[in-house]
Amino acid sequence: MERARIVVAGASGLIGRALVESLTADGHEVVRLVRRRPQAAGEARWDPQGGRVDTSALSGCDAVVNLAGAGVGNRPWTKGYKEEIRASRVLGTRTLARAVAALESRPRVFVCGSAIGFYGDTGQRAVDEDAPAGQGFLPSVCVEWEAAAAPAQEAGVRTVFVRTGLVVARGGGAWGKLFPLFKAGLGTRFGDGSQYWSYVALHDEVAAIRHLIDRDDLSGPFNVTAPKPLPNREITAAMGRVLNRPAVLSAPAPVLKLALGDMAGEVLGSQRVLPKRLLESGFVFALPGIEDAVRAALG
């Protein structure tokens, strides 16, 4: 891709930080949307809750990438926090989609964050982008999240939905909590360990987003997960091997439900999600195996 000007919302998050670093290292101009008063070059203000964004930052840009949203695993799922999870995604996406649609000079692409939570619990059944939305809290959030991009789509802007799996990284997300446990010798499988986890290395997550930005022929939903999802017991065993801390413990389902409340369903649920459209587009995963993904996160 030639030098481009790319606006990123959610640039302070796990994926956003890595994406900004990758783009700037290759000489692209990145504008980070912030909710406070801008304090540095390359920052512009937006208010996702209030529906406002500095449109001068968007005008003439090549791409807008929205990765903003409250962390799903950051706090217990109280009624209030569940509403924050939903609103932070839906309102932010709607704000940017409307702003993009109103521009005279629109970007080539609007990349919207989403998640494999769209599919709900798939059990042992493998699903790809052709599968319908599941039932429950996260599927309903993902449906609303993606629907909020409609103004940009209706304005003719190529729109991509990045349905991300569990990102293997030390800096946040599920693995940000797993690494310290395993290093302390407290690694454990969850429940009976038969539930599938669809993971992706942070390196591949960023590479996939850049692939979707670059390719003008790609739009719609893309699962960003490694090609071979694995049961939780195999993932925790791999973590134990790489860290030399065998996972000998097990966290029973009743204990997890007591400790995590509604969020326990996401830990114990099974999501066997395949990146069909990403592979068909020619994308090549650099770190498809779980052990390589874990080693890269540690490096």
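The values are calculated or read from the model by the stated rules, or taken from the named source; none is laboratory data. Predicted model only: the values in this text are computed from it and were never measured. Note: ideal-geometry Cβ built from the backbone for every residue, glycine included; neighbour counts use all protein chains shown. Ligands, DNA and RNA are excluded from the accessible area calculation, which covers all protein heavy atoms including side chains. Shrake-Rupley method; radii C 1.70, N 1.55, O 1.52, S 1.80 Å.
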For segment 1-46, enumerate the residues that are in contact (Cβ under 8 Å) with a residue 40 or more places away in the chain, charged (D, E, K, R) and touching a strand residue (DSSP E or B) at 6+ places or on another chain (Cβ under 8 Å). Arg5
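For (1) at pLDDT 95 or above; (2) under 13 Å from the mean Cα position of the chain (by Cα); (3) surrounded by fewer than 16 Cβ atoms within 10 Å (Cβ to Cβ), each residue gets a yes or a no:
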site	(1), (2), (3)
Val127	yes, no, no
Ala133	yes, no, yes
Phe137	no, no, no
Ser140	yes, no, no
Ala149	yes, no, no
Gln153	yes, no, no
Val157	yes, no, no
Phe161	yes, yes, no
Gly172	no, yes, no
Looking at Ala201 and the list (1) open to solvent by less than 20 Å² (accessible area, probe 1.4 Å); (2) out of contact with any strand residue (DSSP E or B) (no Cβ under 8 Å at 6 or more places or on another chain), which single condition is not satisfied? (2)
Answer residue from segment 179-189, given it is touching a helix residue (DSSP H, G or I) at 6+ places or on another chain (Cβ under 8 Å) and either of a type in the set (Gly, Ala, Ser) or surrounded by fewer than 21 Cβ atoms within 10 Å (Cβ to Cβ) (or both) and is nearest to Arg295 (Cα to Cα) among those: Phe179
Quick check on this structure: which one of Arg52, Arg3, Arg36 is among the basic types (Lys, Arg), within 23 Å of Cys142 (Cα to Cα) and open to solvent by 30 Å² or more (accessible area, probe 1.4 Å)? Arg52
Of the listed residues (Val200, Val267, Val206), the one being under 22 Å from Gly117 (Cα atoms), assigned to a helix (DSSP H, G or I), of a type in the set (Val, Ile, Thr) and at pLDDT 95 or above is Val206
Residues in segment 220-244 that are closer than 30 Å to Ala149 by Cα and in a strand (DSSP E or B): how many? 5
For segment 52-72, enumerate the residues that are within 22 Å of the chain's Cα centre (by Cα) and assigned to a loop (DSSP other than H, G, I, E, B). Asp62, Leu67, Ala68, Gly69, Ala70, Gly71, Val72
The one condition Ser12 fails out of (1) among the hydroxyl-bearing types (Ser, Thr, Tyr); (2) in a helix (DSSP H, G or I); (3) open to solvent by 60 Å² or more (accessible area, probe 1.4 Å) is (2)
Just checking, which of Ala293, Ala247, Ala226 is at pLDDT 95 or above, crowded, with 19+ Cβ neighbours inside 10 Å, of a type in the set (A, V, I, L, M) and over 22 Å from Cys142 (Cα atoms)? Ala293
Which condition number does Ser194 fail, the rest of (1) hydroxyl-bearing (Ser, Thr, Tyr); (2) closer than 19 Å to Gly69 by Cα; (3) assigned to a loop (DSSP other than H, G, I, E, B) being met? (2)
Sole exception among (1) touching a Leu at 6+ places or on another chain (Cβ under 9 Å); (2) within 16 Å of Arg98 (Cα to Cα); (3) open to solvent by less than 30 Å² (accessible area, probe 1.4 Å) for Val31, by number: (2)
